[in-house]
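All remarks here apply to the structure that follows.
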Amino acid sequence: MAAHMLGQQARLFSTSVIRPAAKLVKPPIQVYGVEGRYATALFSAASKQNKLDQVEQELGKVSALIKDPKMSGIVMNPHVKRSIKQKAFHDALAKAKVSPITVNLINVLADNGRLILTGDVITAFGKMMSAHRGEVICSVTTAQPLSEANLAELKVALKGFLQKGETIKLETKSDPSILGGMIVSIGDKYVDMSTKTKIQKLTQLIRET
């Protein structure tokens with residue numbers, strides 16, 4: 001029942017800034033969860049008005065707003081009334097001069113008590129836009145930061161996973177807890193080559209013998 005209601009809200013959102021109502025424009029990839037449904041509705045609304053790039057840029061402003069301590073103290077506080085949150089956000093968006101599509105997203109999230117998901121919706125929309133541009137998001141985790149030489153070598157290897165017309169959008173991060181090796185996530189593929197995992201597998205094997 002809740003999923004059905006959310007689906008209706010998403011469809012209403014995607015057509016509320018456009019008349020007459022049209023079919024939902026599907027993004028190039030599907031992002032699951034509540035944030036994925038809102039992001040899909042946003043992608044559809046922006047696509048119909050040919051404002052995908054503009055909305056993506058505006059969401060960067062929204063992201064900065066919710067990271068501001070003063071704003072987040074209001075918007076993310078469960079004890080603050082919904083109307084106060086919505087007014088605070090609306091005033092900030094008016095100063096930022098964002099489009100009605102972006103304002104409508106925030107209004108719908110506020111009306112449904114889901115402003116806390118704003119950051120997740122922005123992330124989901126970003127994934128859709130990356131796919132729209134033919135970018136394949138790749139995340140690489142290593143124990144220590146990669147050198148320029150190792151990074152260049154890694155990029156060459158990762159290109160082997162790409163289809164024609166696709167490009168890599170590489171995100172690297174360090175996590176000393178994996179001890180060594182690397183963990184690679186590219187598209188829907190996930191490979192754990194970390195030393196930590198190898199030790200865990202070896203330990204389990206020893207216990208079973």
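The values are calculated or read from the model by the stated rules, or taken from the named source; none is laboratory data. It should be emphasised that the depicted structure is a prediction, and the values quoted were computed from it without experimental measurement. For neighbour counting, all protein chains shown are included, and Cβ atoms are generated from backbone atoms with ideal geometry for every residue, glycine included. Surface areas here come from the heavy atoms of the whole protein model, side chains and all, with no ligands, DNA or RNA. Shrake-Rupley method; radii C 1.70, N 1.55, O 1.52, S 1.80 Å.
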Rounded to 10°, Cα long-axis angle of helix 2-15 versus longest principal axis of the chain: 70
SER83 - accessible surface, heavy atoms, 1.4 Å probe, Å² rounded to 10: 80
Accessible area, probe 1.4 Å, largest first, for residues THR209, THR197: THR209, THR197
Contour minus Cα-Cα distance for LYS198 and LYS23 (0.36 nm per residue): 58.1 nm
Within the chain: Cβ-based charge dipole about Cα centre, in debye rounded to nearest 20 (Lys, Arg +1; Asp, Glu -1): 620
Charge tally in the Cβ shell below 15 Å around ILE84, where Lys, Arg are +1 and Asp, Glu are -1, ILE84 excluded: +3
Accessible solvent surface per residue of region 129-209, calculated while the other protein chains remain in place, 1.4 angstrom probe, Å²: 70
Helix-derived mean residue ellipticity, 222 nm - over the chain, DSSP H n ≥ 4, -39500 (n - 2.57), to 500: -18000 deg cm²/dmol
Share, in percent, of DSSP beta bridges within the chain that are antiparallel, nearest 5: 55
Two-site label geometry, SER177 and TYR32: point separation in nm, points 7 Å out along Cα→Cβ: 2.3
Surrounding net charge for ILE137, when Lys and Arg each add one and Asp and Glu each subtract one, Cβ distance under 12 Å: 0
Set LYS48/LYS164; LYS48/LYS127; LYS48/LYS97; LYS51/LYS127; LYS61/LYS95 screened for pairs whose C-alpha atoms are more than 22 Å apart: LYS48/LYS164
Most to least accessible of ARG82, ARG207 (protein chains only, probe 1.4 Å): ARG207, ARG82
Within the accessible area of region 100-209 (1.4 Å probe), percent carbon and sulfur: 55
Structure-derived Rg/Rh (Cα atoms, Kirkwood Rh) - corresponding label in [x] 0.97; [y] 0.93; [z] 1.06: [z]
